[in-house]
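The values are calculated or read from the model by the stated rules, or taken from the named source; none is laboratory data. Because the structure is predicted, anything quoted here is derived from the model rather than measured. Backbone-built Cβ (ideal geometry, glycine too); neighbour counts: all protein chains shown. We work out accessible area using only protein heavy atoms, side chains counted, and drop any ligands, DNA or RNA first. Shrake-Rupley method; radii C 1.70, N 1.55, O 1.52, S 1.80 Å.
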Amino acid sequence: MSGEAEYRLPRTVMPSHYDISIVPDLEDASFTGTVGIDVDVAEATSSVVLNAIELKIENARVTVGEVEYEASILYDEDQERVTLTLTSELPVGSARIDVSFTGILNDDLRGFYRSVYTADDGVEKTIATTQFEATDARRAFPCWDQPDFKATYAVTLTVDDGLMAVSNAAEVSRMKLESGKVEVTFAETMKMSTYLVAFVVGELEATDPVDVDGTPLRIIAPPGNMHLTSFALDVGAHALRFFSEYYDIPYPGDKLDMVAIPDFSFGAMENLGCITYRETALLLNEERATQAEAERVADVIAHEIAHMWFGDLVTMKWWNGIWLNEAFATFAEIKCVEAYRPEWKRWLAFAPSRALSQETDALNATRPVELTVASPEEANAMFDVLTYQKGSSVLRMLEQYLGEEEFRAGVTKYLKTHAYANTDTPDLWKALEDESGKPVGEIMDTWIFQGGFPRVTVSAEDGGYRISQEQFRYLGQGDQTWSIPVLYRSGDGEGSVILGDEPVFIEAGENIVVNAGGEGFYRVLYEGNLEHDVGRRLANSDPLERFAVVSDTLANVLAGDAMGADFLSLVSNMTAEDELDVWAVAIGGLSELDKVVSPDDREAMREFVVGFVSEKAEELGWEPHDDDSDRTKALRGLLLRTLGILGNDRETIEEARSLYSDGVDVDAEVADAALMITAANGTVDDFAELIELSDGASDPQMSIKYLRAATSIPDPAATEKMITMILDGDIRSQDAFWVLARLIGNRDTGAMAWEMITENWEPILASMPVLNVRRMLDLVQHRSEPEVAASIMRWLEVHPIESGEKHLAQKMEQLQVRVALREREGHRMGEALRAASFDTAG
């Protein structure tokens, strides 16, 4: 690992303001530009070092008062720097650097890049847009491209007449030039980091601005999408008001544009005043969207707007702190959406995200949430499930321990104290300690600076209970401990305690629940009769607590500490469950076991699944009721999909295909279930139809929905066609990684898909942005067939993935966990499956 100092720029010269002028040429995929940078010279120097890559510097000079210094230019492509060497020393004080340059609009979905869409008349249109986080502003203009060099920015874009130009701040002037182009000038921004600068140019449309307490809010998108913007406008307005009140600080920008980009490598980007999104994360057809699709759009919008304060106004000093930036925004998005749609029970729906991060964190190959980051590649590798989901989970656990108001007051103090500046993680802990009076830093350092998490064991003793901790791992043993804020409840009431290295005795009554509320980032193991008591009382527990019990049991099965039969026994008593997310974790566990069960017992597994879900599925039926909540509708869809895919129920499959083929107007959740059931039981002819529907879809959600369904086709011919489409460039590069991941994870054709991928390795890697390549392996753990798993491991040992070393190590260990699960459970579940008693007669 390289040292951090190797990538940090000298602080002898520091920027305070940038005047950026860009002239993009969309046809030629290039741009010209100038940047004037006001700087403060801290030490006399004859050289100025900036970041720049993929730029050709045409001219550079430095001015101090009336004196000009000509500069020679030296490139360092490995360090992504340019050094301006002067003929004499710059004195201490203020100076001005002026640089003219040219660059390319790349196809890599980073820096200043091209995005394309096809207009209604069939003509392909080009958008020039930016994605600068983590370290790609340097691809658009020479700059001090690290987060602690904050400055203000004034942007001017010179564009072809008829094109829209958008940047971080409000447009202040527009002038027609003799060339026929239009020069668009924007107001000066607040003081912020380079990675938050943005500009977008293209044939785009905008909604009329909505005034949100003085802030103009617009949605901008390619033409023909304005009918899909109402939901985003509503969520955006709510989020602006919610966070202004939650933080007790007005929105720090002068306007907010939310821009849908057809080609985008991430979900969205929190550029101040000019948030960019994947189309599916912003545009929504409310009549055809499932609850999960609407929730995702609301989540992403809330996440990015939360960043306007936490990340933009106050920013980490260096990329080791990116976890706090993203973890807090994830935490905040849930609070915001919970307030927006309380009926969605967003904190309950967050439980699967917590469990997902625990799956990675239970590996030997996990990492601390915060760790040393030096190079751009290491910074980009930080954007993972541990940064987002674990980080936000431990913040939620802390909030529940401190109290919601104490936590909010600490966050507000932190933001007001450090506005327009940069911070380290301890700065937040100090603010929270000041407001709560509790040892936040002492607790949180154990969660942030070491990887892994604990399992708390509960045993009964006279007058109470003894609780202790051990590190939870799937493979091997760990010896780490944490300061655990344990919340508990019994017949005597509620309580809390910090559990450290030594066991703790708690005085409590009967019916003990440890991890009361289910928000703790730890597993719980009840010893002796306590385990039976918890199972007996499960139906009367809080939904999050029920989720935790099922999730903990499944984790114990994966670790080999419990048998698959134990999980089957637990869920077989849950057929009356009403909560969507508890059903989802139970069905997810059955899906895990189904992937490894012996072929001789596969039919018994299907019968178990049908018996498990039939009663509730029949209660809900195929048609929604007038009083159904969004979550009830989503549960109906989940149960139908489970019957038709995991349960292979012929009646359900036939009804689903009938609904899909007839094209009748049904509830969105039922339509989605019918589509996915049909695809999972489909042929190569169905594949061709789904691709045609995807290409001709009238909105982004439906296009992606049909494409996702096409990856589920169990026909090898369909898999071959899909991979050929990726190689031919017929799948957008932003989507290639998840399409490949789903193909690899496909039970029937995954092994074949992997073989095709290895046969076309270099073209496959080139088919997607480099930052997305590692995500191609997201579902590789499901290739647990011993010979296939061994071949995958051998291949990746000699074909490493750029910026994906840690992710690769984690996925290979997850694969080992599933191979071990198959060895233990493949042949011993049959008896338990056949012993289950469900009345499936209907």
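Data for the structure
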read-out: Hits in segment 196-210 - residues which are assigned to a strand (DSSP E or B), in contact with a helix residue (DSSP H, G or I) (Cβ under 9 Å, 6 or more places away or on another chain) and not aliphatic (A, V, I, L, M); value: GLU205
read-out: Neighbours by Cβ (under 7 Å, 6+ apart or cross-chain): first from segment 568-585, touching a residue at least 40 places away in the same chain (Cβ under 8 Å); second outside any helix (DSSP H, G or I) and not polar (S, T, N, Q); value: LEU568/ALA836; SER572/ALA836; TRP583/GLU577
read-out: Test set (1) modelled with pLDDT under 95; (2) under 30 Å from THR135 (Cα atoms); (3) not aromatic (Phe, Trp, Tyr) - GLU762 fails condition number; value: (1)
read-out: Segments classed as helices (runs of 4 or more DSSP H), wholly inside segment 465-579, with at least 1 members that are open to solvent by 50 Å² or more (accessible area, probe 1.4 Å); value: 529-536, 564-571
read-out: Any chance ALA671 is surrounded by fewer than 18 Cβ atoms within 10 Å (Cβ to Cβ) and of a type in the set (A, V, I, L, M); value: no
read-out: Qualifying residues in segment 611-631 (those that are free of Cβ contacts under 8 Å to residues at least 24 places away in the same chain and assigned to a helix (DSSP H, G or I)) - the one farthest from THR290 (Cα to Cα); value: GLU619
read-out: Hey, ASP427 under 32 Å from the mean Cα position of the chain (by Cα) and acidic (Asp, Glu) or not; value: yes
read-out: Tally, over segment 491-523, of residues that are acidic (Asp, Glu) and under 14 Å from VAL458 (Cα atoms); value: 3
read-out: When residues of segment 790-809 are limited to those that are surrounded by 14 or more Cβ atoms within 10 Å (Cβ to Cβ) and assigned to a loop (DSSP other than H, G, I, E, B), the one farthest from the chain's Cα centre (by Cα); value: ILE801
read-out: Qualifying residues in segment 628-655 (those that are of a type in the set (Gly, Ala, Ser) and under 14 Å from ALA617 (Cα atoms)) - the one nearest to the chain's Cα centre (by Cα); value: ALA634
read-out: Members of segment 71-120 that are in contact (Cβ under 8 Å) with a residue 40 or more places away in the chain, among the charged types (D, E, K, R) and not in a strand (DSSP E or B); value: GLU80, ASP107, ASP108, ARG110, ASP120
read-out: GLU245 vs. criteria crowded, with 20+ Cβ neighbours inside 10 Å, at pLDDT 95 or above and charged (D, E, K, R); value: no
read-out: ALA431 vs. criteria more than 19 Å from TRP309 (Cβ to Cβ) and in contact with a Phe, Trp or Tyr (Cβ under 8 Å, 6 or more places away or on another chain); value: no
read-out: Residue identified as touching a Gly at 6+ places or on another chain (Cβ under 7 Å) and of a type outside the set (D, E, K, R) among VAL314, VAL259, VAL300; value: VAL300
read-out: Within segment 653-665, considering residues that are open to solvent by 50 Å² or more (accessible area, probe 1.4 Å) and not hydroxyl-bearing (Ser, Thr, Tyr), the one nearest to ASN285 (Cα to Cα); value: ASP665
read-out: Selection status of LEU256, crowded, with 24+ Cβ neighbours inside 10 Å, aliphatic (A, V, I, L, M), on the phi < 0 side of the Ramachandran plot and touching a helix residue (DSSP H, G or I) at 6+ places or on another chain (Cβ under 6 Å); value: no
read-out: First in segment 433-450 and closer than 14 Å to MET397 by Cβ, second anywhere and assigned to a loop (DSSP other than H, G, I, E, B) and among the aliphatic types (A, V, I, L, M), Cβ under 6 Å, 6 or more apart; value: ILE448/VAL369
read-out: Residue list for segment 268-311, filter: open to solvent by 10 Å² or more (accessible area, probe 1.4 Å) and touching a Pro at 6+ places or on another chain (Cβ under 6 Å); value: GLU279, THR280
read-out: Unique residue being open to solvent by less than 30 Å² (accessible area, probe 1.4 Å) and under 26 Å from LEU570 (Cβ atoms) when the list is VAL780, VAL819; value: VAL819
read-out: Every residue from segment 413-429 that is surrounded by 17 or more Cβ atoms within 10 Å (Cβ to Cβ) and in a helix (DSSP H, G or I); value: LYS413, TYR414, LEU415, THR425, ASP427, LEU428, TRP429
read-out: Filter pass, GLY441 being closer than 24 Å to THR372 by Cβ and not in a helix (DSSP H, G or I); value: no
read-out: Counted residues, segment 74-113 - those being more than 34 Å from the chain's Cα centre (by Cα), β-branched (Val, Ile, Thr) and buried (at least 20 other Cβ atoms within 10 Å of the Cβ); value: 2
read-out: Test: residue in segment 217-231 that is small (Gly, Ala, Ser), closer than 30 Å to PRO769 by Cα and part of a helix (DSSP H, G or I); value: no
read-out: Residue within segment 120-128 that is crowded, with 19+ Cβ neighbours inside 10 Å and closer than 21 Å to LEU50 by Cβ present; value: no
read-out: Only listed residue being within 21 Å of GLN814 (Cα to Cα), aliphatic (A, V, I, L, M) and touching a Pro at 6+ places or on another chain (Cβ under 9 Å), chosen from ALA562, ALA584, ALA555; value: ALA584
read-out: Number of positions in segment 147-160 that are surrounded by fewer than 24 Cβ atoms within 10 Å (Cβ to Cβ) and part of a loop (DSSP other than H, G, I, E, B); value: 4
read-out: Subset of segment 822-836 [surrounded by fewer than 16 Cβ atoms within 10 Å (Cβ to Cβ) and not in a helix (DSSP H, G or I)]; value: HIS827, ARG828
read-out: Subset of segment 360-412 [closer than 21 Å to VAL314 by Cα, open to solvent by 10 Å² or more (accessible area, probe 1.4 Å) and assigned to a loop (DSSP other than H, G, I, E, B)]; value: GLU370, LEU371, THR372, PHE383
read-out: Scan of segment 454-498 for residues that are of a type in the set (A, V, I, L, M, F, W, C), closer than 30 Å to ALA809 by Cβ and without any contact (Cβ under 8 Å) to a residue 60 or more places away in the chain, ordered by number; value: TRP482, ILE484
read-out: Residue in segment 29-38 that is surrounded by fewer than 14 Cβ atoms within 10 Å (Cβ to Cβ) and among the charged types (D, E, K, R) present; value: no
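A quick yes/no check of all residues on (1) farther than 21 Å from ALA198 by Cβ; (2) assigned to a strand (DSSP E or B):
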site	(1), (2)
PRO10	yes, no
SER21	no, yes
ILE37	no, yes
THR63	yes, yes
TYR69	yes, yes
